[in-house]
Amino acid sequence: MVDWLRHRDEEPAWREIPDEIEQALARPLAPGGETEEAIYADFLETVLPYSLGNTHPRFFGWVHGAGTPIGALAGFLAATMNANLGGRAQAPVLVERQVLDWARELFGFPAGSGGILLSGTSMATVVGLAVARHRATGGRDRVDGIQDPSRLVGYTSAEAHNSIAKAFELLGLGSDALREIPVDDDGGLDPEQLERAVREDLEAGHHPFAVVATVGSVNTGGFDDLLALRRVADRHDLWLHVDGAFGAAAQLSSRFAPMLEGIDRVDSLAFDFHKWLQVPYDAGCVLIRDGELHRATFESRRDYLTSQERGAASGEPWFCDFGPELSRGFRALKVWFTLRHYGIERLGQMVERACDQATHLGDRVEAEAELELMAPVTLNVVCFRFRDDTATPAELDRLNREILTELHERGLAVPSPTRVGDQFALRVCICNHRTGPDDIDALAEATLAIGREVSGLVAV
């Protein structure tokens, strides 16, 4: 595996899964078991070559972290220990508490604030908004559910991640209770439009309770103005939650941290260690400013979960009282290893290097007459497309879809598809610490070559 990772750039960025491999991975379970050697050989042949490719330096799709060898080692150690971090007196619980303390210090959260590690920002947002719901209902939500006739409503950007709407659905609020506010010229949630929407809901008899800000929008990398949103939230007693899935990592860079001004004043923050902070999947986190409210939202014990002052059943507080899970893996160990090994300074340099590479790609796109930049490059995301002045808008969309597919199928690079406005675009998100300038140039050259090759061949 170490050799595979060392030579990852010599392999295709992505491979299509052959029919025979799909069939092999649909075989029924052998009732008598198999040897370790046979299973490992099968893994090398049928699984390892056909990953999505996010360890490859020319993987630019979606927002996927690349992982590190030190994180992989920690994952092996954690699996060997097989610790359950629901609670009780054990060192792995102390490791997670230490990781959370480091996160609080990084983002300026006070001592005593709540926090817990989860699978990712999607679940962290569910937890953060559950605490906001608990606050808004005075705690009645845990017994009565949501029965207030003045319906709870929340607000987020039109560019927000779809996990926010899912959180509203899972929490019984319904996606119709989430107002999508237009963005301003900088791509952030417009505070004036937010103020207007809140006032309209109050006049209609609704109960505004939360606003969800984004730092690092998925589509273009845009940032909401946290200080401006904090002022609106304070005027109307709204909970301010932040989706910082990957953009929160900008806090590690002195160059980009000013974009996060006000992060230390939000009520809850959800972010991923497994994206830009290079921890292997999965490792998300939520911080809650009011630690007592966090615990009140989830605390629940039966007799078989009674704690004691001494012995294995001690170790309060238990993490099962701060989230929905009692069975919790030792994901904190790979975060602990990664942060200790690389340190904040080196991780911040990785963030800056990725942003520099995005700027380089944006400059390259603007310098090429056959390429078009679709949105400003503000962080590590570049949206662009191949141009053909003779093509209609629909033909341009089909052309760029074909270019994207060819980049994938030839194993050259993996950008992801998106739309900017009503136009199809190739989206490049640079999170991979293995990516270098040559990989950026190779993507630009391949896009140009394939675009010239297939332009005019795409059916009208």
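Set the Förster distance to 56 Å, then compute FRET efficiency between L25 and I146 from the Cβ-Cβ distance, nearest 0.05. Provide the component values of the computation, followed by the final result.
Details: r = 42 Å, r/R0 = 0.76.
With R0 = 56 Å, the Cβ-Cβ based efficiency is 0.85.
Using DSSP to define loop residues, name the GluC sites (Glu not before Pro) in segment 15-46 whose beta-carbon has at most 14 other beta-carbon atoms within 10 Å.
Numbers: sites: E16, E20, E22, E34, E36, E37, E45; in loops: E16, E34.
Hits after loop and neighbour filter: E16, E34.
Report the convex hull volume per residue for segment 188-334, counting only C-alpha atoms, in Å³. Walk me through the numbers on the way to the answer.
Details: hull volume 22.8 nm³, N = 147.
Convex hull of Cα atoms, per residue: 155 Å³.
Out of segment 165-232, which GluC sites (Glu not before Pro) are coil in DSSP terms and have no more than 10 other C-beta atoms within 10 Å? Please list the in-between numbers first.
Details: sites: E169, E180, E192, E195, E200, E203; in loops: none.
Qualifying residues, ordered by number: none.
Apply the membrane-span-like helix rule to the chain: whole DSSP H runs, Cα extent along the own long axis of at least 20 Å, mean Kyte-Doolittle hydropathy at least -1.0. List the helices found. Spell out each step's value before the answer.
Numbers: long enough: 91-107 (24 Å, 0.29); 121-136 (22 Å, 0.67); 332-367 (45 Å, -0.30); 393-409 (24 Å, -0.82); 437-454 (26 Å, 0.18).
Helices meeting the span and hydropathy rule in the chain are 91-107, 121-136, 332-367, 393-409, 437-454.
Can you pull out the trypsin sites (Lys or Arg not before Pro) in segment 364-442 whose DSSP state is coil and whose Cβ has at most 14 other Cβ atoms within 10 Å? Present the calculation step by step, with values, prior to reporting the outcome.
Working: sites: R364, R385, R387, R398, R401, R410, R419, R427, R434; in loops: R387, R410, R434.
Hits after loop and neighbour filter: R410.
Can you work out the FRET efficiency for the pair R410 and S51, with r the C-beta to C-beta distance and R0 = 22 Å, to the nearest 0.05? Don't skip to the end; give the middle numbers.
Numbers: r = 17 Å, r/R0 = 0.77.
For R410 and S51, the calculated efficiency is 0.80.
Label point 7 Å out from A367 along Cα-to-Cβ: which residues of segment 423-441 have amide N under 17 Å?
Under 17 Å, as judged by backbone N against the label point of A367, lie 436-441 of segment 423-441.
Which order do peptides 81-87, 27-33, 306-312 fall in by mean Cβ count within 10 Å, highest first?
Working: 81-87: 17.4, 27-33: 6.9, 306-312: 9.9.
Result, highest mean Cβ count within 10 Å first: 81-87, 306-312, 27-33.
Gap in Å between the Cα centre of segment 197-223 and the Cα centre of segment 384-398?
That distance is 34 Å.
Whole angstrom only: what separates the Cα centroid of segment 232-284 from the Cα centroid of segment 22-91?
28 Å
Determine the gain in length on full extension of the stretch I39-D303; use 0.36 nm per residue of separation and subtract their C-alpha separation, reporting nm with one decimal. The partial results should precede the final answer.
On the way: separation 264, 0.36 × 264 = 95.04 nm, distance 4.23 nm.
Length difference between fully extended and current span is 90.8 nm.
Values quoted throughout were computed directly from the atomic coordinates according to the rules given, and no laboratory measurement underlies them. No experiment lies behind these values; they were computed from the predicted model shown. Don't worry about glycine lacking a Cβ; one is built from the backbone with ideal geometry, like all the others, and counts go over all protein chains shown.
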